[in-house]
Amino acid sequence: MAHTSGSAARAAGTDVLVTGAGPVGLTAALELRRQGVACRIVDRLPARLPYAKAVGVQPRTLEVWDRMGVVRAALEAAVPMRGQYVYVDGAERARYDLALPPEVPYGFAALPQYETERLLEEALARHGTRIERGTVLDAFEQDPDGVTARLTDATGTREELRASYLVGCDGAHSTVRKGLGLSFEGGAFPEEYMLGDVEVDWDLPEGYGLRATHLDGTGAVDDVLVCIPLPGRRRYRMSMRVPPELSAPAPGTADGVAHGLDGARAPGLADIQAVLDRLSPQRTTASALRWASVFRISHRIVDRYGEGRVFVAGDAAHIHPPTGAQGMNTGIQDAYNLAWKLALAVGGRASDGLLASYDAERRPVGEEVVGRTVRHAAAGGVQADPEDPATLMLREAQLLVGYRGSPVVDPPGDGPGPAPGDRAPDCGGLAGPIAAYPVRLFDVLRDRPTVLLLYGTGYGSGGAAGRDELAAAAWRATGGRVDVCAVLPPDTPHGTGPLPAYRDTAGEFAARYATAGDRPTAFVIRPDGHLGARLPDPDPDRLTTHLTRVFAAPAAGGSNEAGPAV
């Protein structure tokens, strides 16, 4: 193992080491710090890259950012994605509007990757953690008690770091993935593409993307232009096929992955203008080129998302075509899923199977995304998908991602409404006894860990335990790591004892969650906004059985004896 020259290694330790400070690594580090976990994050680059690489932000990612407290900054920096125009051989073929049901709180957005990284990095700094730039993970070993990582920083100083866990968010050529010996099977597309961040003077409607293609004599696409709006006046991230003079054989790589940017062959403004002259629906002139690059696309996925105390997320685990802006968003949600589980594990509060559920829940998602984006790329875009348009839109928004069948959620049952493993939907019209305005369910859930929501009336009768009894059972089973709230039917008084209570004034909660009248029903909502359990006529034993899927039994005589936190 080679090292640059430098001072001797120094002893250090942390709970979690995150490698890679892109959106995925920053998400993991921020969520860990938000939950009080000691964390270090390192990145081999000396500074954030000023490239608008991944730009599409899906509604589900905005929901995650809402839980993390960064959504306001993202909304103020982003621009809305309202839809896409499709042109073929110069003629408009379709206009697709990115419309979602009214209960979905966020729409589609476009935000340059460097801005995503900036807002996550600033939030992380507010928790006292900064990126250690110019720092390379040289190697690591793990044992039953932790991970020993060997790092070299920008000055050549070598460090041996002891961490409880290691998370590799270090991209397609991941050192962590290689160190674990994970397979990374898949293939590559033969075409090369070029990206450009430019301004144009056309008058296409703001917030709409553009896909323009030319067909050859056989009906196959032989020229393509895809434009995604960016913050700024008529500014777009454009992608198109590479002209022959910029094309080159795929570079050899140690792991056989030819994926990502090749800045050595950056196209110029004239190259982008030539494509616009051929394919733009209006005559237009490109200007203000901020950045350009050539890139290649592969599609690969690991055989497992981790081993022991070491995990991979984002491009380290899965790479695929950028169709539908699925990649960065999938990686962010990998990191969020893993982080709350690691936080419990670091605190000794995770059940034996909780960390293993990361692979069980997220690898099927990665497999589906890789397969779907490859199909869409081959068929000419998302719009070629034969699925029902409303379902397709929800899937592209990543609102249909779920974990039914996960070992740490309850069986789905056979009733209507969201089942264990499903995304917990938002709703409006929840009113407290003091505030003069209603709030949304996501407002109630924000900045909370696992939440037990107790809906309905009749607690303590008709087979359902009392609210206080259920709250105390949740406290005992988790050592106080569950918040408890009541949601009341519209005409119910706010008489729930010490529990926070919200009246469902417009019946939106009942409608979204398909509750049966006023029947008592308990919902366990995980920190990542998915349902862990749905318990009609709940009793302490059934609730405890579910919670022990996630939480380790608290130590006797611990804080669990004090009673529920309300």
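The values are calculated or read from the model by the stated rules, or taken from the named source; none is laboratory data. Quick caveat, the model's predicted, so the values are computed rather than measured. Every residue, glycine as well, gets a Cβ built from its backbone with ideal geometry; the counts of neighbours run over all protein chains shown. Areas reflect the complete protein model, heavy atoms only, side chains present, ligands, DNA and RNA absent. Shrake-Rupley method; radii C 1.70, N 1.55, O 1.52, S 1.80 Å.
Going through (1) over 30 Å from TYR208 (Cα atoms); (2) at pLDDT 95 or above; (3) of a type in the set (A, V, I, L, M); (4) open to solvent by 40 Å² or more (accessible area, probe 1.4 Å) one by one, ALA11 falls short only on (2).
In the stretch 271-280, is there at least one residue being surrounded by 13 or more Cβ atoms within 10 Å (Cβ to Cβ), within 13 Å of MET194 (Cα to Cα), touching a Pro at 6+ places or on another chain (Cβ under 9 Å) and at pLDDT below 90? Looking through the stretch 271-280, none of the residues is surrounded by 13 or more Cβ atoms within 10 Å (Cβ to Cβ), within 13 Å of MET194 (Cα to Cα), touching a Pro at 6+ places or on another chain (Cβ under 9 Å) and at pLDDT below 90.
Hey, among PRO420, PRO433, which residue is at pLDDT 95 or above and on the phi < 0 side of the Ramachandran plot?
Numbers: PRO433 fails: at pLDDT 95 or above.
None of the others qualify; the one that does is PRO420.
Checking the structure you have, find out if any residue of the stretch 50-73 is among the aromatic types (Phe, Trp, Tyr) and more than 18 Å from ARG446 (Cβ to Cβ).
Residues of the stretch 50-73 that are among the aromatic types (Phe, Trp, Tyr), as a first pass: 51, 65.
From what's left, more than 18 Å from ARG446 (Cβ to Cβ): 51.
Yes, some residue in the stretch 50-73 is among the aromatic types (Phe, Trp, Tyr) and more than 18 Å from ARG446 (Cβ to Cβ).
Return the residue satisfying two criteria in turn: it lies in the stretch 121-137 and is in contact with a helix residue (DSSP H, G or I) (Cβ under 8 Å, 6 or more places away or on another chain) and either assigned to a loop (DSSP other than H, G, I, E, B) or free of Cβ contacts under 8 Å to residues at least 12 places away in the same chain (or both), and of such residues it is farthest from ARG33 (Cα to Cα). Among those residues, the one meeting the criterion is ILE131.
Yes or no: CYS485 within 27 Å of the chain's Cα centre (by Cα) and either without any contact (Cβ under 8 Å) to a residue 60 or more places away in the chain or open to solvent by 60 Å² or more (accessible area, probe 1.4 Å) (or both)? When the stated conditions are applied, CYS485 passes them. Restricting to the stretch 183-205, name every residue that is within 26 Å of the chain's Cα centre (by Cα) and surrounded by fewer than 22 Cβ atoms within 10 Å (Cβ to Cβ). Result: SER183, GLU185, GLY186, GLY187, ALA188, PHE189, TYR193.
Among the residues of the stretch 293-331, those that are among the polar types (S, T, N, Q) and either at positive phi or in a strand (DSSP E or B) (or both) comprise SER293, SER298.
A quick yes/no check of all residues on (1) in contact with a Pro (Cβ under 6 Å, 6 or more places away or on another chain); (2) within 16 Å of GLY209 (Cα to Cα); (3) hydroxyl-bearing (Ser, Thr, Tyr):
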position	(1), (2), (3)
PRO46	no, no, no
PRO50	no, no, no
ALA77	no, no, no
VAL88	no, yes, no
ALA110	yes, yes, no
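Residues in the stretch 456-474 that are buried (at least 22 other Cβ atoms within 10 Å of the Cβ) and out of contact with any strand residue (DSSP E or B) (no Cβ under 7 Å at 6 or more places or on another chain): ALA464, ALA465, ALA473. Scanning the stretch 532-546 for residues that are open to solvent by less than 40 Å² (accessible area, probe 1.4 Å), part of a helix (DSSP H, G or I) and closer than 21 Å to ASP414 by Cα turns up LEU543, HIS546.
For residues that are among the small types (Gly, Ala, Ser) and open to solvent by less than 60 Å² (accessible area, probe 1.4 Å), scanning just the stretch 125-167, find the one that is farthest from TYR305 (Cα to Cα).
In the first step, residues of the stretch 125-167 are kept if they are among the small types (Gly, Ala, Ser); the result is 125, 128, 134, 139, 146, 149, 154, 156, 163-164.
Those left that are additionally open to solvent by less than 60 Å² (accessible area, probe 1.4 Å): 125, 134, 139, 146, 149, 156, 163-164.
Numbers: ALA125: 28, GLY134: 26, ALA139: 18, GLY146: 18, ALA149: 19, GLY156: 31, ALA163: 19, SER164: 17 Å.
If we take residues in the stretch 125-167 being among the small types (Gly, Ala, Ser) and open to solvent by less than 60 Å² (accessible area, probe 1.4 Å), then GLY156 is farthest from TYR305 (Cα to Cα).
Filter the stretch 413-444 down to residues that are touching an Asp or Glu at 6+ places or on another chain (Cβ under 9 Å) and among the aliphatic types (A, V, I, L, M) and give me whichever is surrounded by the most Cβ atoms within 10 Å (Cβ to Cβ). Filtering the stretch 413-444 for residues that are touching an Asp or Glu at 6+ places or on another chain (Cβ under 9 Å) and among the aliphatic types (A, V, I, L, M), the one surrounded by the most Cβ atoms within 10 Å (Cβ to Cβ) comes out as LEU441.
Of the residues in the stretch 492-524, how many are acidic (Asp, Glu), surrounded by fewer than 21 Cβ atoms within 10 Å (Cβ to Cβ) and at pLDDT 90 or above? Number of matching residues: 1.
For the condition open to solvent by 20 Å² or more (accessible area, probe 1.4 Å), closer than 23 Å to ASP15 by Cα and not in a loop (DSSP other than H, G, I, E, B), ASP359 qualifies.
Considering only residues of the stretch 39-55 that are open to solvent by less than 20 Å² (accessible area, probe 1.4 Å) and out of contact with any Gly (no Cβ under 7 Å at 6 or more places or on another chain), which is farthest from LEU151 (Cα to Cα)? Once the filter is applied, the top-ranked residue is VAL55. Total residues in the stretch 78-111 satisfying the condition of being part of a loop (DSSP other than H, G, I, E, B) and either out of contact with any helix residue (DSSP H, G or I) (no Cβ under 9 Å at 6 or more places or on another chain) or open to solvent by 50 Å² or more (accessible area, probe 1.4 Å) (or both): the figure is 8.
Take the residues of the stretch 381-409 that are open to solvent by less than 20 Å² (accessible area, probe 1.4 Å) and touching a strand residue (DSSP E or B) at 6+ places or on another chain (Cβ under 8 Å): which is modelled with the lowest pLDDT? Looking at the filtered set, the residue picked out is GLY381.
Taking ARG118 as the residue in question, decide whether it is in a helix (DSSP H, G or I), open to solvent by 20 Å² or more (accessible area, probe 1.4 Å) and closer than 21 Å to PHE442 by Cβ.
no
Residue by residue through the stretch 235-250, note down the ones that are modelled with pLDDT under 90, out of contact with any helix residue (DSSP H, G or I) (no Cβ under 9 Å at 6 or more places or on another chain) and either crowded, with 20+ Cβ neighbours inside 10 Å or not in a loop (DSSP other than H, G, I, E, B) (or both). Across the stretch 235-250, the qualifying residue is only PRO244. Within the stretch 37-54, being closer than 16 Å to ASP170 by Cβ, in a loop (DSSP other than H, G, I, E, B) and touching a strand residue (DSSP E or B) at 6+ places or on another chain (Cβ under 8 Å) holds for ARG44, LEU45, PRO46, LYS53. Checking the structure you have, find out if any residue of the stretch 407-417 is closer than 24 Å to ALA501 by Cβ and assigned to a loop (DSSP other than H, G, I, E, B). Yes, the conditions are met somewhere in the stretch 407-417. Among the residues here, ASP223 does not qualify as exposed (fewer than 15 other Cβ atoms within 10 Å of the Cβ), at pLDDT below 95, in contact with a strand residue (DSSP E or B) (Cβ under 9 Å, 6 or more places away or on another chain) and farther than 28 Å from ALA313 by Cβ. All conditions in (1) more than 30 Å from GLY69 (Cβ to Cβ); (2) over 25 Å from the mean Cα position of the chain (by Cα); (3) surrounded by fewer than 21 Cβ atoms within 10 Å (Cβ to Cβ) hold for LYS178, with the sole exception of (2).
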